[in-house]
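Read the structure below first, then the notes.
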Amino acid sequence: MGTIVIGDVQGCLLTLERLLAVSGFDEAKDRLWFTGDLVNRGPDSLGVLRRVRSLGDSAVVVLGNHDLHLLARAAGVVSAKDSDSLDAVLAAPDRDELLDWLRRRPLVHHESPHLLVHAGLHPRWTVETAVSLGDELREALSSPLAAPLLRAQALKSDAPLMNPPGRTGVLAVALRVLTRMRTCTVRGEMCHGFSGPPEKAPFPCRPWFEIPSRRGPDVTVVFGHWSALGFRRGPGFVSLDTGCVWGGPLSAIRLEDGALFQVESAELPTGRVEEQAKLKS
């Protein structure tokens with residue numbers, strides 16, 4: 001049995017199917033992990049949701065910021081963006097089943113020595129802290145706390161991690177860390193508005209995985225979200241978002257032997273990355 005981890009799909013169903021074929025995925029004996037952002041901006045978010053949901057226990061999916069945006073739109077707490085491609089999901093006859101399935105996905109998945117998240121971990125968090133917060137957030141997203149959390153997650157600002165206004169504030173910050181973090185200061189303050197290559201991060205911001213005091217060195221964090229970072233392996237991390245929805249490849253690794261699988265985008269011709277990147281946020 002193998003475990004294949006796939007980067008951000010974002011509605012690119014044709015490319016996903018090609019990657020599954022290239023990787024040799026066998027639904028009868030293998031498992032798939034997804035780094036989140038199954039939906040949005042690509043042409044077939046509805047098809048991706050149906051396909052991944054059909055895999056049942058063979059698939060582990062952590063929620064990404066675009067998945068949360070879909071849930072927020074469905075709940076009526078945020079407005080549509082010009083770059084959204086979610087209308088087919090929201091109008092689908094099986095909309096409620098798909099949204100309920102998506103809402104119940106975790107924010108953190110831990111199977112030692114790997115930990116799966118969409119964007120990153122706060123450098124002060126231990127693995128145990130991340131898992132505990134992820135469990136609490138999963139329950140909260142199916143509770144009355146869902147609306148304020150989804151509304152807060154959409155904001156491009158941050159509240160202090162220490163001494164936040166109540167437990168909802170703690171969870172709102174944790175949700176943004178897990179689904180939006182790319183860079184932060186050495187004190188752990190998230191840097192917002194930067195999505196470019198890590199070497200161009202403005203001072204004093206650094207990639208979260210390069211913070212010297214980062215805890216949890218005994219786990220390898222596998223994540224997506226940062227297409228400008230691309231595929232990269234380093235001490236304690238693997239990044240897998242290679243910008244399929246922008247014309248880059250869709251990437252995956254097999255955890256057991258580290259094998260890398262990549263296929264070019266079937267939805268967006270290579271060479272249109274810069275044009276499409278104008279829509280990025």
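Here are some notes:
- For region 186-231, average projected area of the Cα convex hull in nm²: 3.6 nm²
- For region 92-236, the fraction of C-alpha pairs farther apart than 24 angstrom is 31 percent.
- Per-residue packing, averaged as other Cβ atoms within 10 Å, sorts the ranges 235-248, 51-64 into the order 235-248, 51-64, beginning with the highest.
- Relative contact order (percent, whole number), region 1-102, Cα cutoff 8 Å, 6+ residue spacing: 28 percent
- For the chain, cysteines whose Cβ has no other cysteine Cβ within reach (under 4.7 Å): C12, C184, C244
- Convex hull volume per residue in cubic angstrom - Cα atoms of region 3-277: 122 Å³
- Take every pair of alpha-carbon atoms less than 8 Å apart whose residues are at least six positions apart; their mean separation over the length of the chain yields a relative contact order of 23 percent.
- Residue-averaged [θ]222 nm for the chain, counting only DSSP H segments that reach four residues, each worth -39500 (n - 2.57): -9000 deg cm²/dmol
- One equal scatterer on each Cα of region 34-89, no solvent, Debye formula: the resulting log10 I(q)/I(0) at q = 0.20, 0.27 Å⁻¹ is -0.71, -1.17.
Each reported figure results from applying straightforward, stated rules to the coordinates on display, with no laboratory input. Please read all numbers here as calculations on a predicted model, not as lab measurements. When we count neighbours, we look across all protein chains shown, and the Cβ atoms used for this are built from the backbone with ideal geometry, even at glycine.
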